[in-house]
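Below you'll find the structure, written out as structure tokens, and then a few comments.
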Amino acid sequence: MMTRISFNRGVPSVDSFPAAQIAECAAAILHVDANTVLQYGQPFGYLPLREMIAGWHGARAEEVMISNGSLQILEFLSTLFLQPDDTVFVEQPTYDRTITIFRRHKASIVGIPLQHDGPDIEFLAEQLRIVSPKFFYGIPDFQNPSGVTVSLAKREEIIRLAGEHDFWIVEDAPYRPLRYKGTDVTSMRSLQPSRVIHMSSFTKLLSPGLRVGYIVAPKHIFEALGPIVANTYVCPGLFAEGIVYEFCRRGWLAPNIEKLKNLYRPKLEATLVALQEHLPSADWVKPEGGYFVGVTLPEGTHVADLCERAPTVGLSLSDGRGFFPQGGGDRFLRLAFPALSVSEIHEGVSRLASLLSHD
Ligand SMILES: Cc1ncc(COP(=O)(O)O)c(C=O)c1O
């Protein structure tokens, strides 16, 4: 029987989990700080980890909040900033779970079309003449779902517009450390710390099961966030944060990220090579890191129909329209490669091409 190949899920490869090291860190943190990590604690997370993260970002511990995954923080930020009918700007396409959160808060979502080097700035400026958003949510590094990295010039322009029209930028950057080649583009927060809420997570660097994500933001935001957080869960899971702290304190994070880069680099390359070989008439960005390659299929293709027929060739695909908050995406597919082997990637893209030839 043909094994099913799934390009659907943006999850790490299970062989990337440093389980033995995590077990060691769990034992160690219980040994030195059990009374803190097993107790209720501060709403903004485990202080030693906040201090450590602050150090990485040239910030102070009061400017860092850690939570149970970064999506949880997005929920908090939405509670803080959004009233029904408030406007948020997002890249189009964007991460589908973010769209769900903003919709749950009854926000009006404006999608700014994404080009190969970032959002269409002219379109953004035009929209700003109509309405000022509460914030602009973007994923500037190796975007989910497209793989796009925003150029420095566009980052600077978005920041300039944020100053002119007085809105926040939420910079969601969980893939930023996973660069397989090329050089980093300066983060939006480094360009303008007073306008940017920088969000990241250990999900893609260690394990999603730990549920540890964080923001670095100007301190005054935290005064308003405090009651929202405390009234939701008192405090986040401090034991997991203690484990992450211990892992980083031992100097194990950087080698772990290196290991992940070596694991995923060939998978990204295989995806790009397979697309060139089997689907030359499609259009895609060439990411230099991250988890995803977003593909725009040739004209006349309908992604809903492809998704429906995919199981007949042992494929699992997700409907790209879910990443487009304002409609469109009828030819868009997100290929998530980390959890697949190189041979599955080649076979999967070849199966995808066989589906297209019967479209
Ligand atoms: C852009 C983006 N933000 C946030 C998340 C969620 O991260 P976490 O596991 O920290 O909640 C993901 C996970 O796929 C993501 O792609």
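Couplings 3J(HN,Hα) of the range 127-134, computed from phi: 4, 5, 6, 8, 8, 9, x, 5 Hz, in residue order, whole Hz [Karplus 6.51 cos²θ - 1.76 cosθ + 1.60, θ = phi - 60°; x for Gly and Pro]. Length available on full extension from L152 to H31: 0.36 nm per residue minus the Cα-Cα distance, which gives 39.0 nm.
Here the calculated FRET efficiency for N262 and E299, from their Cβ-Cβ distance with R0 = 41 Å, stands at 0.60, rounded to the nearest 0.05. Only lysine pairs 8 or more places apart or on separate chains count here, and in the chain those with Cα atoms under 27 Å apart total 23. Semi-axes of the equivalent ellipsoid for the chain, computed as √(5λ) from the eigenvalues of its C-alpha gyration tensor and ordered from largest down, come to 33, 27, 18 Å.
Here the Karplus relation 6.51 cos²θ - 1.76 cosθ + 1.60, evaluated at θ = phi - 60°, turns the backbone of the range 19-30 into coupling constants of 4, 5, 5, 5, 4, 4, 5, 4, 5, 5, 6, 5 Hz, with x for every Gly and Pro.
Using a simple spin-label model with pseudo-atoms 7 Å out from Cα toward Cβ, S281 and V11 lie 3.5 nm apart. Given +1 at the Cβ of Lys and Arg, -1 at the Cβ of Asp and Glu and no other charges, the dipole of the chain around its Cα centre is 560 debye to the nearest 20. Its DSSP H runs of at least 4 residues, each contributing -39,500 (n - 2.57), put the calculated 222 nm mean residue ellipticity of the chain at -13500 deg cm²/dmol, to the nearest 500.
DSSP assigns beta bridges within the chain; of those with both partners inside it, close to 50 percent run antiparallel. Highest mean packing first, where packing is the average number of other Cβ atoms within 10 Å per residue, the peptides 61-68, 348-355 line up as 61-68, 348-355. With the simple spin-label model, which puts each label point 7 Å out from Cα in the Cβ direction, the S132 to H116 separation comes to 3.6 nm.
Between A20 and K219, the modelled label-to-label distance comes to 4.4 nm, taking each label 7 Å out from Cα in the direction of the beta carbon.
Read-outs throughout are calculated quantities, based only on the coordinates presented, and are distinct from any laboratory measurement. In this text the structure is predicted, and so the values were computed from the model without any measurement. Here Cβ is always computed from backbone atoms with ideal geometry, including for glycine, and neighbour counts include all displayed protein chains.
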